[in-house]
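Written out below as structure tokens is the structure these notes cover.
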Amino acid sequence: MVRVRYAKIPIFLLSLSSALILPVGAMATSGTMDLSSMEVKNGIQQWGEPKALTSNGNPQGGLAFHNAVVTNANSRLTILLHKSCQTLAGRVAIDPGAPASATAQFSIWKGDTRLWASPMLHKNDNPVPFSLNVGPYREVTLKVDRQSGTAFTCRCDWLDTAVTYKGRVPEVVDRPESWKRDFVPGAVWRDNNGVPIQAHGGGVLKVGNTWFWVGEDKSKGYNNFVGVHEYSSRDLIHWHDEGVVLPASSLPEEFRSTGVCERPKIIYNPLTKLYFMWMHLDAHRYTVSEAGLAIAPKVNGPFKYVAAIRPVNNSTFRDMNVFVDKDGSAYLIYAAENNATLYIVRLDRSYGAPHRPEVEGVTWARIAPGGWHEAPAMWRYGSTYYLIASHTTGWSPNTASLFTAKSPLGPWVYQGNPFNGPDSHETFYTQSTCVIPAPGHPGWFIYMGDRWNPADLGNSRYVWLPFHITKGSNHFDVDWHSHWNLKDLGTTLKAYVKSLTPGGSH
Ligand code: GAL
């Protein structure tokens, strides 16, 4: 995206020129800056970066309007503004390329305050104009919500949308300096080389004072073209590239470029002093569905492929995770029975195989039979075990479920949707992948989610959000934060969470 920067003019030159050439106050310049050239953050939209579209140069096709930014009908774009910005104006309409049944409502927000909303628009309705004074705001969010139909095919246009300014030429502000040390959910997250991190469906393991994040490298697309990528960090914000620690080429042929290697996770076994990477290996349209195992002497590999198995019952093994309890027992948690039921299976002491003989209720258990859950993330706090999982709608977000138990093998009790506030029914457009303790703040945890971009999977984003659990409680709220910092946990954020949820829970 092109960002316009303006050189700073030394103050003495400015005062000289205004004193000599212009009467005071007459130095005004004015103009407009259109949406496609603005810095946009937290974009949730189907079509990637905003584009200036022309009738002959439109890459999406089917669009008649000039100078539009097109989003899908479940999108949210936050634009950053500068002091000299005055009005945000434009027109909104359902795109001519959308299906006949498409309906959507456009709105503009400042934080939780709605500044403007269109009526519910249908295809072929005339564009609706808007004009807002954005002078007081440093950021506003443009939203589109669908009423019905498929969000991903319902294209919505922000036509001629631009900021006008008077006075100094506006500069769309870059990410404020302080945000470089913040978590910015949904933003592009770059490693030490400036390359976007490729660790989708990932997990984080702490070794000493360093965190290691492994996940799927989707930079070349959906299939396992690359392998499992790993990064290390001392602060969970800045990540150092450790490289591809399990290359696709080291797996059996069917799990390479025609198959998948999904949701890898690493655990450490103190008895063997080895690192065990468990993952979901699949091929032939998710019909192989096996648990893959690779082992390494060091946390950053190289990992060596060992086997692919179905842990118990010969049941399918798909979205998965690992959990190590305080007593050293390790568990695989995964979508089994063709995704209808989650299984939790205790591993043997080596962590390299399921505990044998397998006895339901003793070495393994079914969780929420027939509940259609996947993307499990399990952790423990005090004597309570927690499990977040999504439902099964492929790459599309859905409503998450929380379960709690007093022992890893259950019984697990459904506790509702832990996500809170606008977009919480879509889990803030994410799918769970892992939950880790927030360092230095007992009772605080970090939800790690994937915001999948099915049209460009390598450009899927990471959404990490903090939440607090009162010890022993079966409930908590995960709230949206457009940016946050570990140092705020327990103070600002806790006060904020309390103000939202009197009593601290649902
Ligand atoms: C999701 C799953 C992802 C991936 C995707 C493929 O349901 O959580 O890990 O398998 O389906 O469509």
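The values are calculated or read from the model by the stated rules, or taken from the named source; none is laboratory data. Keep in mind it's a predicted model, so treat the numbers as computed, not measured. Using ideal geometry, Cβ is built from the backbone for each residue, glycine included, and neighbour counts are taken over all protein chains shown. Side chains are part of the model used for accessible areas, which takes the heavy atoms of the whole protein and leaves out ligands, DNA and RNA. Shrake-Rupley method; radii C 1.70, N 1.55, O 1.52, S 1.80 Å.
Relative contact order for the range 219-304 using alpha-carbon pairs under 8 Å, separation at least 6, rounded to a whole percent?
It rounds to 23 percent for the range 219-304.
Could you please state how large a percent of the accessible area of the range 354-425 is carbon and sulfur, counting protein chains only and using a 1.4 Å probe?
Ligands and nucleic acids excluded, carbon and sulfur reach 59 percent.
Please list, in order along the range 476-486, the HN-Hα scalar couplings obtained from phi with the Karplus expression 6.51 cos²θ - 1.76 cosθ + 1.60 (θ = phi - 60°), rounded to whole Hz, x for Gly and Pro.
For the range 476-486, the Karplus-derived couplings read 6, 10, 9, 9, 7, 9, 6, 7, 7, 9, 4 Hz, x marking Gly and Pro.
Return the subset of LYS110/LYS471; LYS143/LYS166; LYS110/LYS166; LYS206/LYS471 for which the Cα-Cα distance in this structure is over 30 Å, preserving the input order.
LYS110/LYS471
Amide H neighbours of SER84 under 5 Å, counting only residues 5+ apart in sequence or on other chains, H built in-plane at 1.01 Å?
GLU171
Just to make sure I understand: if all protein chains stay in place, what is the order of MET277, MET120 by accessible area at 1.4 Å, largest first?
So the residues, ranked largest to smallest area, are MET120, MET277.
Placing +1 at every Lys and Arg Cβ and -1 at every Asp and Glu Cβ, with all other atoms neutral, what dipole size does the range 271-374 have around its Cα centre, in debye to the nearest 20?
360 debye
Please work out the Kirkwood hydrodynamic radius for the range 160-300, using every pair of different C-alpha atoms, and report it in angstroms with one decimal place.
17.1 Å
I'd like the Karplus ³J(HN,Hα) series for the range 212-221: coefficients 6.51, -1.76, 1.60, θ = phi - 60°, whole numbers in Hz, and an x wherever there's a Gly or Pro.
Rounded to whole hertz, the list is 10, 10, 10, x, 6, 8, 10, 4, 9, x.
Can you run phi through the Karplus equation (6.51, -1.76, 1.60; θ = phi - 60°) for the range 345-362 and list ³J(HN,Hα) in whole Hz, with x for Gly and Pro?
10, 6, 8, 6, 5, 7, 6, x, 7, x, 5, 10, x, 7, 10, 4, x, 10
Using a 1.4 angstrom probe, figure out how much accessible area the range 180-499 has per residue, in square angstrom, rounded to the nearest whole.
38 Å²
Mind checking the full-extension length gain between VAL359 and LYS406? Use 0.36 nm per residue of separation minus the Cα-Cα distance, one decimal, nm.
15.0 nm
Not counting ligands, DNA or RNA, and with a 1.4 Å probe, what is THR272's accessible surface area in Å² rounded to the nearest 10?
Here the accessible area works out near 60 Å².
At 10 °C and 1.306 mPa s, what whole-number value in µm²/s does Stokes-Einstein give for the translational diffusion of the range 379-418, with Rh from the Kirkwood sum over Cα pairs?
Stokes-Einstein gives a translational diffusion coefficient of 146 µm²/s.
Between LYS166 and ARG285, take the C-beta separation as r, use R0 = 51 Å, and let me know the FRET efficiency to the nearest 0.05.
It comes out at approximately 0.30.
Can you give the accessible area of LYS206 in Å² (nearest 10), computed on protein heavy atoms with a 1.4 Å probe?
For LYS206, solvent-accessible area is about 110 Å².
List the trypsin sites (Lys or Arg not before Pro) within the range 256-298 that fall in a DSSP loop (any state other than H, G, I, E or B) and whose Cβ has at most 15 other Cβ atoms within 10 Å.
LYS273, ARG285, LYS298
At what distance in nm do the modelled label points of LYS304 and THR32 sit from each other, each positioned 7 Å from its Cα along Cα→Cβ?
6.5 nm
If I stretch the segment between ARG349 and VAL413 completely, what's the gain in nm (0.36 nm per residue apart, minus their alpha carbon distance), one decimal?
In short, 20.3 nm is gained.
Give the accessible area for PHE225 in Å² (nearest 10); use a 1.4 Å probe, count only protein heavy atoms, and leave out ligands, DNA and RNA.
100 Å²
Taking 0.36 nm per intervening residue step and subtracting the Cα-Cα distance, what contour gain separates ASN209 from LYS326 on full extension? Working shown, then result.
On the way: separation 117, 0.36 × 117 = 42.12 nm, distance 1.88 nm.
Roughly 40.2 nm would be gained on extension.
Going by Cα centres, the range 378-445 and the range 229-278 are how many Å apart?
Cα centroid of the range 378-445 versus Cα centroid of the range 229-278: 23 Å apart.
How much of the calculated P(r) for the range 180-499 lies past 36 Å, in percent of all Cα pairs? Each step should come with its number before you reach the end.
Numbers: 5025 of 51040 pairs.
Tail of P(r) above 36 Å: 10 percent of Cα pairs.
What nm distance separates the two modelled labels at HIS240 and SER219, each placed 7 Å from Cα along Cα→Cβ?
1.8 nm
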